[in-house]
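Taking it in order: structure first as structure tokens, then the write-up.
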Amino acid sequence: MSHQELLHPPGTRVVELDIQGMTCASCVNRVEKKLGKLDGVAAAVNLPLEQAYVTAPDGITDEQLVDTVNAAGYTASVRVPRTAEPGVEHAAAQLRPRLILAAVLTVPVFLVSMVPAFQFPNWGWAAALLSLPVVTWAAWPFHRAAAVNARHLASTMDTLVSLGVAAAYLFSAWQLVADPGMTEHPGMEAMSGGLYFEVASVVTTFLLLGRYLEANAKHKAGGALQALLNLGAKDATVLRGGREQQIPADHLQVGDVLVVRPGEKIATDGVVIEGDSAVDTSLVTGESVPVEVAPDSRVTGATINTSGRLLVRATRVGSQTTLAQMARLVSQAQTGKAPIARLADRISAVFVPVVLAIAALTFVLWLLLAGPDADGGHLRQAFTAAVAVLVIACPCALGLATPVGLLAGSGRGAQLGLLIKGPRVLEDTRTVDTILLDKTGTVTTGALAVDAVLAFPGFTRGGILRLAGAVEAASEHPVGRAVAAAASALDPAGTTDDDGLPPVQGFSSAPGGGVSGTVQGRFVLAGRSGWLEQNGIILDPAQQVNLMAAEESGATAVCVAVDGMPAGIISLRDTVKEGSAAAVARLKALGLRPILLTGDNAAVAARVAAAVGIAADDVHAGVLPEGKVEAVRKLQAGGATVAMAGDGVNDAAALAQADLGIAMGSGTDVAIEAADLTVMGSDLAQVAQAIELSRKTLATIKANLFWAFFYNAVGIPVAAFGLLNPMVAGAAMAASSVLVVANSLRLRSFGKPGQ
């Protein structure tokens with residue numbers, strides 16, 4: 001079955017749409033429902049990426065899908081391949097000038113309205129003129145979204161913002177027109193019922209700031225695919241007509257023969273036709289041990305040739321490569337993750353209609369109960385009471401509750417080396433009960449190091465390591481570098497050359513086999529046992545048992561022979577990070593079930609799991625990148641809410657698929673971009689701390705929302721009964737905002753002693 005057949009049933013196709021204009025979860029639901037009404041169509045919409053993956057029958061045209069989305073009030077287009085995500089970036093670019101204008105004009109409006117020392121004769125007209133561009137052009141994204149939702153008899157936070165800003169400005173303008181001289185002298189405005197131009201301006205500016213920060217977060221969320229594709233080689237050297245020629249990697253064709261020198265990236269998937277080498281696959285697989293390749297070995301694009309010269313025949317290019325398929329995995333996993341609606345949006349869906357109804361009812365009842373009105377005073381009183389209801393319901397605190405809490409939490413996180421991508425992440429941490437830990441680079445260091453040296457009779461461990469290290473120091477192989485580093489650290493001073501090891505003479509390297517040379521008059525061989533046998537070095541049965549034991553334990557074993565005699569075995573391992581065991585215990589204390597997930601063999605995985613305290617039943621070894629995604633999906637299907645911590649490209653799709661993706665900052669950019677949380681260090685304990693901070697931040701945001709709605713619940717009835725004029729309502733609204741900000745600032749003490 002082909003890759004595409006796995007994505008959708010026969011007779012259907014997948015269409016990717018770019019959609020602009022969505023602002024919240026209700027927009028996502030509306031688009032999915034509208035597309036779902038087409039016969040045989042199913043859609044999954046991703047809000048951060050502003051994309052939809054639509055499975056449609058062959059009889060449904062792309063134009064029908066686009067027209068359906070456009071009819072719902074949004075702007076859709078069929079997605080075409082490109083090197084960036086301009087739709088998301090464009091949203092932030094559009095908001096930036098609006099935010100700048102709003103901030104520049106709001107400062108003088110606020111000062112002249114709130115500080116008597118800045119007031120001058122008829123200052124109210126100046127405030128009206130300065131705030132007009134703020135409440136119209138700068139606030140246009142809110143007004144437009146409110147209008148789109150109103151067309152579908154729905155409401156969101158944008159509806160609240162639009163109504164609150166409009167009510168504050170229009171009421172103030174009406175007051176000023178009704179009494180042009182009310183601000184003729186400083187201080188007179190307080191006697192007239194109040195002007196609220198500063199309320200409209202400040203609300204717009206703060207909420208534009210939150211929307212701008214959100215747009216930037218969306219842009220970062222969409223960067224995973226580009227970061228993944230950037231791993232590929234930009235150029236390739238090919239043999240054409242018997243001559244080497246350098247061409248752009250995207251011009252490669254199946255059958256081209258690539259020349260790959262040591263240190264170069266392999267430009268595309270292919271098969272080795274000449275040469276032996278070790279290929280560093282860590283960028284793609286995340287595993288630390290290089291893979292030995294020889295003729296007929298398959299190699300993957302974006303991996304690095306570390307030693308010998310290779311000729312590779314291209315077998316897959318462009319969108320068919322492993323790298324491109326991994327990019328599709330990340331994209332599909334991100335789209336399949338249903339966005340969690342913001343708490344404020346869910347409540348405002350009911351709150352806004354209720355507020356509108358109360359305001360209208362207040363206006364009508366005041367007119368009916370007040371009786372005949374000859375001079376218009378009753379009409380003014382009714383309108384004042386109705387506007388007071390809208391002003392007290394103006395969502396300043398409601399709008400600040402999430403962004404200010406997020407800014408405080410993320411700011412403290414940045415100080416601690418923890419990055420939180422957005423509000424949705426905080427909600428995800430609340431219910432996580434299972435965490436998958438990638439082994440290499442997350443639980444372990446991701447770098448090979450000498451773990452043990454076994455000396456055969458007649459030799460010493462230090463002597464073997466010193467001789468082998470001296471020969472390996474001339475090698476480019478990562479295993480050789482690790483042996484040389486260990487030997488250099490142990491070698492006694494005064495017996496070495498400038499590199500810290502005895503000089504080697506007659507050095508020779510056999511790619512895929514080992515190295516040889518003469519050190520201080522002794523001929524040394526170091527490499528694989530099979531290569532030593534080719535050179536006449538045969539291990540006896542007892543030595544063979546020792547070699548098998550080392551390899552079965554998951555170690556990389558290097559056999560050493562001196563002057564034609566087996567001398568010993570050097571074992572190298574990917575070492576467990578200091579503190580990983582304590583971090584696993586801390587994750588358990590948070591109520592999480594840790595599971596080890598790795599592409600390494602079962603012996604290595606079992607040893608690492610035992611070292612850090614993970615149960616044997618919770619170890620998954622030999623897992624490919626696709627298998628990691630499947631492991632996440634299987635746990636999710638079983639009812640688990642899954643977090644995934646990893647650092648390699650092979651983890652990117654699983655990080656995106658997980659309910660909560662956590663990237664180690666020491667890992668690849670792709671893993672970091674695909675994740676929801678990033679810990680900038682390499683300490684697994686930071687993963688536990690990141691979850692703790694996320695949960696604390698979410699609790700703070702919920703407290704903010706509670707107090708914001710509580711003040712509305714109390715203030716609205718008071719305003720409806722005419723006991724609260726708009727000026728006092730504005731003060732109450734400001735007080736609620738101060739409370740929300742003060743509560744959020746408590747997060748700055750997170751992680752300090754006693755907290």
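Just to verify a result, which residue in region 577-586, among those that are among the hydrophobic types (A, V, I, L, M, F, W, C) and surrounded by fewer than 19 Cβ atoms within 10 Å (Cβ to Cβ), is nearest to GLY480 (Cα to Cα)?
Per the criteria, the residue is ALA581.
In region 244-257, is there at least one residue being at pLDDT 75 or above, of a type in the set (Val, Ile, Thr) and in a helix (DSSP H, G or I)? Reasoning before the result, please.
So the first thing to find is which residues in region 244-257 are at pLDDT 75 or above, and the list is 244-257.
Retained after the next criterion (residues that are of a type in the set (Val, Ile, Thr)): 247, 254, 257.
With in a helix (DSSP H, G or I) added as a condition, the list becomes none.
Scanning region 244-257 turns up no residue that is at pLDDT 75 or above, of a type in the set (Val, Ile, Thr) and in a helix (DSSP H, G or I).
Please go through region 279-298 and pick out each residue that is out of contact with any Gly (no Cβ under 6 Å at 6 or more places or on another chain) and at pLDDT 85 or above.
Listed by number, the residues that qualify are VAL279, VAL293, PRO295, ASP296, SER297, ARG298.
Restricting region 546-571 to residues that are without any contact (Cβ under 8 Å) to a residue 12 or more places away in the chain and among the aliphatic types (A, V, I, L, M), which is surrounded by the fewest Cβ atoms within 10 Å (Cβ to Cβ)?
Filtering first and then ranking leaves MET548.
Identify the residue in region 587-622 that is of a type in the set (Asp, Glu) and surrounded by fewer than 21 Cβ atoms within 10 Å (Cβ to Cβ) and, among all such residues, is nearest to ASP683 (Cα to Cα).
Of region 587-622, the ones of a type in the set (Asp, Glu) are 600, 617-618.
Next, from what is left, pick out any that are surrounded by fewer than 21 Cβ atoms within 10 Å (Cβ to Cβ): 617-618.
Values: ASP617: 24, ASP618: 21 Å.
Applying the filter and picking the extreme gives ASP618.
Mind checking whether some residue in region 697-718 is assigned to a helix (DSSP H, G or I), in contact with a strand residue (DSSP E or B) (Cβ under 8 Å, 6 or more places away or on another chain), of a type outside the set (D, E, K, R) and at pLDDT 80 or above?
yes
Restricting to region 304-326, count the residues that are part of a loop (DSSP other than H, G, I, E, B) and either hydrophobic (A, V, I, L, M, F, W, C) or under 23 Å from ARG240 (Cβ atoms) (or both).
4
Could you tell me which of the residues ASP651, ASP574 is surrounded by 22 or more Cβ atoms within 10 Å (Cβ to Cβ) and assigned to a helix (DSSP H, G or I)?
ASP651
Can you name the number of the only condition in (1) at pLDDT below 65; (2) surrounded by fewer than 20 Cβ atoms within 10 Å (Cβ to Cβ); (3) of a type in the set (A, V, I, L, M) that ALA729 fails?
(2)
Assess whether VAL562 counts as being at pLDDT 85 or above, in contact with a Lys or Arg (Cβ under 7 Å, 6 or more places away or on another chain) and not polar (S, T, N, Q). Walk me through it before giving the result.
Working: at pLDDT 85 or above: yes; in contact with a Lys or Arg (Cβ under 7 Å, 6 or more places away or on another chain): yes; not polar (S, T, N, Q): yes.
Taking the combined requirement at face value, the residue satisfies it.
Check ILE538 against each of (1) over 19 Å from LEU572 (Cβ atoms); (2) part of a helix (DSSP H, G or I) and name the one condition it does not meet.
(2)
Take the residues in region 331-343 that are touching a Leu at 6+ places or on another chain (Cβ under 7 Å) and over 16 Å from ASN29 (Cα atoms); name whichever of them is modelled with the lowest pLDDT.
By that ranking, first place goes to GLN334.
Please go through region 143-179 and give me each residue that is surrounded by fewer than 21 Cβ atoms within 10 Å (Cβ to Cβ), at pLDDT 85 or above and not small (Gly, Ala, Ser), ordered by number.
The answer is HIS143, ARG144, LEU170, TRP174, VAL177.
The values are calculated or read from the model by the stated rules, or taken from the named source; none is laboratory data. For clarity, every value in this text was computed on a predicted model and none was experimentally measured. Virtual Cβ from ideal backbone geometry, glycine too; neighbours counted across all protein chains shown.
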